[in-house]
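First the structure, in the form of structure tokens, and then the observations on it.
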Amino acid sequence: MKTGFCRFLGAVLAAAMLAGLCSAPAAAAGWSQRVEAETGDMTGTVRTENILGGSGRTVSFIDNGPANALEIRVTPQGGADYVMKLRYRSGEVRNLMYQVNGGPARRISGFSSGSWSAFANLSIPVTLEPGQANTLRFFAPDGENGPGLDYIDFSAAALPAREKPGYRLVFEDEFDGEALDTARWVPRYLSSWTKDPGLAEPTYAMENGLMRLRIFAETQPWCPEYDGKTVVSGFTTGDRNALHNWNGTNVVRNPVDMQATHLNQYGYYEIRAKGQPGSARHVAWWLLGFEDVPEESAEIDIFELLGNNAHKVPVNFHAWNDPDAPDGGGFSYTNNKMDFHDEFHIYGFDWIEGGGQGANPDRMEFYVDGVKTGGRDVNIDYPMIQLFSLYEKRGGGWTGVWLPKPYPNTFDIDYVRVYKPVAGGQALPADQLAIAAVEEQKAEVLPSARPARYVSAVAGHEGEEYTEAHLPGVRSYVNVLYNDGVKTQEFVRWPALSQEQYALLERGEAVTLTGTTPNLAENTPGYRAPVLTLRPTPWDTNLNPQGIAKLFDGDPTSTASCWSEKMNPLPQGGYISYRFEEPRAVESILFSANYGAGQGIRSYTLAFWDEQTQSWADEGVEYTIPWTAAGDVEAGETVQVPLAAPVVTGAVRINITGANTRWENKIVMREIAFA
């Protein structure tokens, strides 16, 4: 439980450091230069060609290899970070190689303008030596032809520093490799919903220090059963079964092992990226609750760049099953001098502990190129995963009507960084960092709780059953506190329970588990293995567990304190039980409901816990609850049903044999008490 002082202190520290954190804009630093391709030096079979209509000339790469090359020279000013934008034409998807100052050859993929008479731009970051002439050589890859180059624009970029005063970098990827680093990322997009797991994997290229998500004409809709003609290329920091049931009716088709590379609560997030033009297309950077419990499901769309608007950065909020999270009330930042499709920009997101007020004690603020575009107070008290997604809605929809466009479509990401403020604003050297404490996890679970089970619909695996390792409601992370005051959230794998441990829970006894942390090495100074204590709740049921605690909260009159069970039909053997702290006498049971004669429990039998045999003993009597017409109102009524004979017991089980279903096929009850 957070104290108000801790939240206030966190907000003060964040405010003190925020100016330095977001002060460096990503706008061009002033220098820029355009080089017409035909002014360069051409070797081999490289030649100029007239553009259809006589409006100019482009340089074409007829044969491949560095012997058939275009060389240009540029003398940049400013720092070492620049953007190179190539203006080209290409009636088919083509690629190009380039070298800077005789260095290693690098590949630029995906030149396609749709026809040889149409032009398009392709931009990449490039490192140049400032204040001196730099030679760039372009040539077609082996066995290929290149696009037609019109001109190349160079511009300086003022990039934020990687290290930020008063903050510790806790997660990053510069995308300098050739494939997604699976220690940092989960290369799947909400994969439990699709019958074809391959369609949930991203199509991408990693080159020139960029992660370039791509969609081609042949890329298929990822989940036609639930998402129609939507095509997605995406990756995340977490995936699990039934994550983000956006329709509310989706059924898991592809059971997966739970995986998370980075769960995080609070801190400053930053990426450099550019979007994709075209109606019915968009790119998104978003956060999502990992749904250890259904309520931890909020969605924060840090941006959803729509392909039909190059000048707007929309921010959105979705609560889903979280009653405390913001829902709707998003906003947009518009700048008609910027092109968020064609240009790289810096996007920032600051999740500030204690930055809000009242019922929304924390705050989220959003930035573009160091400019704060808006903010909102929130109450989201759990960590979230990151998702990066490129979308096409080929059936049209909220992102616009479907209009054909040359492929590939792309979402370019230069880097991803996540920072956390350090206590006192003074970061420790890496070799002095140590873990100060690993928070013990505690969870209350139903005594009869078992892990969720799913059935595969994947081709070749139809009908195979999958059982989760974790019990429902168990946290998949622990908080880890370091000696610099930074608190991280670390993903934990808890072992499956044994039959002996299940028996302990059913007897009302606690169970302790020791987990492993896949993303936190055991040789980290101060490391301690995470510990989870499971304590059984006094109530239990084999019906709907959601809200079952409301039956025993002492509130027999509030509609908000209702529990319900949908029946199709009434489950055979359905029960509700309650275990007392100590054995006690029970003479009657009080049942509370509104409209009990229409939707309450109608009949039941009882069983009592026998301490000697450690089992349930059936009483052998069926009872009927005498609901009255007076209770057929919203206020409801409480009906007391005497037992056939008083008993002394440690627990009572109510075995439901009948229910009133006047309007809907479900039970609705407010309270059960014992007298």
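The values are calculated or read from the model by the stated rules, or taken from the named source; none is laboratory data. Here the structure is a predicted model, which means the values were calculated and not measured. Cβ: placed from backbone, ideal geometry, glycine included. Neighbour counts: every protein chain shown. Heavy atoms of the whole protein, side chains included, go into the accessibility calculation; ligands, DNA and RNA do not. Shrake-Rupley method; radii C 1.70, N 1.55, O 1.52, S 1.80 Å.
Here are some notes:
- When Gly526, Gly573, Gly547, Gly554 are checked against the criterion of being on the phi > 0 side of the Ramachandran plot and in contact with an Asp or Glu (Cβ under 9 Å, 6 or more places away or on another chain), Gly554 stands alone in meeting it.
- Only a single criterion out of (1) open to solvent by less than 30 Å² (accessible area, probe 1.4 Å); (2) small (Gly, Ala, Ser); (3) farther than 22 Å from Asp540 by Cβ is not satisfied by Ala651, namely (3).
- Pair list, Cβ under 9 Å, 6 or more apart: segment 473-498 residue basic (Lys, Arg), other residue open to solvent by less than 40 Å² (accessible area, probe 1.4 Å) and assigned to a strand (DSSP E or B): Arg475/Gln441; Arg475/Ala443; Arg475/Leu532; Lys487/Lys420; Lys487/Asn479; Lys487/Val480
- Single condition Val652 does not satisfy, out of (1) free of Cβ contacts under 8 Å to residues at least 40 places away in the same chain; (2) in a strand (DSSP E or B): (1)
- Checking each residue in segment 374-387 for being part of a strand (DSSP E or B) and under 18 Å from the mean Cα position of the chain (by Cα) picks out Val378, Met384, Ile385, Gln386, Leu387.
- Selection from segment 602-623 of residues that are aliphatic (A, V, I, L, M) and either without any contact (Cβ under 8 Å) to a residue 40 or more places away in the chain or open to solvent by 70 Å² or more (accessible area, probe 1.4 Å) (or both): Ala617, Val621
- Selected residue (criterion: most open to solvent (accessible area, probe 1.4 Å)) from residues of segment 540-557 that are part of a loop (DSSP other than H, G, I, E, B) and among the small types (Gly, Ala, Ser): Gly554
The rows are residues; the columns are (1) without any contact (Cβ under 8 Å) to a residue 24 or more places away in the chain; (2) open to solvent by 40 Å² or more (accessible area, probe 1.4 Å); (3) within 14 Å of the chain's Cα centre (by Cα); (4) closer than 26 Å to Phe340 by Cβ.
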{"residue": "Pro277", "(1), (2), (3), (4)": "no, yes, no, yes"}
{"residue": "Arg281", "(1), (2), (3), (4)": "no, no, no, yes"}
{"residue": "Ser297", "(1), (2), (3), (4)": "no, no, yes, no"}
{"residue": "Asp301", "(1), (2), (3), (4)": "no, no, yes, yes"}
{"residue": "Pro314", "(1), (2), (3), (4)": "yes, no, no, yes"}
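- Scope segment 149-169; condition of a type in the set (A, V, I, L, M, F, W, C) and either more than 24 Å from the chain's Cα centre (by Cα) or crowded, with 18+ Cβ neighbours inside 10 Å (or both); matching residues: Leu149, Ile152, Phe154, Ala156, Ala157, Ala158, Leu159, Ala161
- Per-region count, segment 409-432, residues more than 23 Å from the chain's Cα centre (by Cα) and not in a loop (DSSP other than H, G, I, E, B): 6
- The residue of segment 283-295 that is surrounded by the fewest Cβ atoms within 10 Å (Cβ to Cβ), among those that are among the aliphatic types (A, V, I, L, M) and in contact with a Ser or Thr (Cβ under 9 Å, 6 or more places away or on another chain), is Ala284.
- Candidate set from segment 213-269 (those that are assigned to a strand (DSSP E or B) and aromatic (Phe, Trp, Tyr)); member that is surrounded by the fewest Cβ atoms within 10 Å (Cβ to Cβ): Tyr269
- A single member of Trp320, Trp351 is under 30 Å from Val474 (Cβ atoms), modelled with pLDDT of 95 or more and either open to solvent by less than 10 Å² (accessible area, probe 1.4 Å) or in contact with a helix residue (DSSP H, G or I) (Cβ under 8 Å, 6 or more places away or on another chain) (or both), and it is Trp351.
- Note on segment 565-581: among residues that are modelled with pLDDT of 90 or more and surrounded by 14 or more Cβ atoms within 10 Å (Cβ to Cβ), the one that is farthest from Ala437 (Cα to Cα) is Gly574.
- In segment 402-423, of all residues being open to solvent by 20 Å² or more (accessible area, probe 1.4 Å) and among the aromatic types (Phe, Trp, Tyr), the one that is nearest to Val480 (Cα to Cα) corresponds to Tyr407.
- Within segment 624-648, considering residues that are in contact with a Phe, Trp or Tyr (Cβ under 6 Å, 6 or more places away or on another chain) and in a loop (DSSP other than H, G, I, E, B), the one least open to solvent (accessible area, probe 1.4 Å): Ile625
- Of the residues making up segment 451-480, those that are of a type outside the set (Phe, Trp, Tyr), open to solvent by less than 50 Å² (accessible area, probe 1.4 Å) and in a strand (DSSP E or B) are Val478, Asn479, Val480.
- Within segment 362-386, restricting attention to residues that are aliphatic (A, V, I, L, M) and closer than 23 Å to Phe344 by Cβ, the residue that is least open to solvent (accessible area, probe 1.4 Å) is Val368.
- Test: residue in segment 497-504 that is at pLDDT 95 or above, assigned to a loop (DSSP other than H, G, I, E, B) and exposed (fewer than 13 other Cβ atoms within 10 Å of the Cβ): yes
- All positions within segment 433-450 that are surrounded by 15 or more Cβ atoms within 10 Å (Cβ to Cβ), within 27 Å of the chain's Cα centre (by Cα) and more than 30 Å from Gly485 (Cα to Cα): Val445, Ala449
- Close Cβ contacts (under 9 Å, 6 or more residues apart or on different chains) running from residues in segment 91-107 that are more than 22 Å from Pro76 (Cα to Cα) and without any contact (Cβ under 8 Å) to a residue 12 or more places away in the chain to residues that are open to solvent by 40 Å² or more (accessible area, probe 1.4 Å) and outside any strand (DSSP E or B) are absent.
- Exactly one residue among Ala560, Ala521 is exposed (fewer than 13 other Cβ atoms within 10 Å of the Cβ) and under 20 Å from Ile435 (Cβ atoms), and that residue is Ala521.
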